Amino acid sequence: RIMTECPFCIPPHRTVEEAMAVMTEKRVRHLPVLEGERVVGLISIGDVVKEIISQQEFVIEQLENYITGTPARPR
């Protein structure tokens, strides 16, 4: 068997954190993104990890800028 017959899916309005929670709970590495009955995308665990790391780097940079009084760079 190459693919699950009834894959777990997620709607496009869900957050990255919600997608990660589904992936972790269901032990899957990919989630089809459905808008109604239509597949509009596919998110992988790599996509989720990359976005979470990006968000954390942004928060760290903002905190460092706040502590040092350095103006923030535009994102």
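The values are calculated or read from the model by the stated rules, or taken from the named source; none is laboratory data. If you're wondering where the values come from, they're calculated on a predicted model, not measured in any experiment. Glycine gets a Cβ as well: all are built from the backbone with ideal geometry, and neighbour counts include every protein chain shown. Calculation scope for accessible area: heavy atoms of the full protein, side chains included, ligands and nucleic acids excluded. Shrake-Rupley method; radii C 1.70, N 1.55, O 1.52, S 1.80 Å.
Observations, loosely collected:
- Qualifying residue in region 7-19 (condition: exposed (fewer than 10 other Cβ atoms within 10 Å of the Cβ) and not in a loop (DSSP other than H, G, I, E, B)): no
- Any hit, region 43-56, residues being touching a strand residue (DSSP E or B) at 6+ places or on another chain (Cβ under 7 Å) and on the phi < 0 side of the Ramachandran plot: yes
- Of all the residues in region 20-70, those that are hydroxyl-bearing (Ser, Thr, Tyr) and open to solvent by less than 50 Å² (accessible area, probe 1.4 Å) number 2.
- Residue satisfying condition, being assigned to a strand (DSSP E or B) and among the β-branched types (Val, Ile, Thr), within set VAL22, VAL40, VAL28: VAL40
- Here VAL48 fulfils each of the conditions (1) within 13 Å of the chain's Cα centre (by Cα); (2) part of a strand (DSSP E or B) apart from (2).
Residues are listed down the side, and each one gets a yes or a no for (1) free of Cβ contacts under 8 Å to residues at least 12 places away in the same chain; (2) among the small types (Gly, Ala, Ser):
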| position | (1), (2) |
| --- | --- |
| ILE2 | yes, no |
| ILE10 | no, no |
| VAL16 | no, no |
| MET20 | no, no |
| VAL28 | no, no |
| GLY36 | yes, yes |
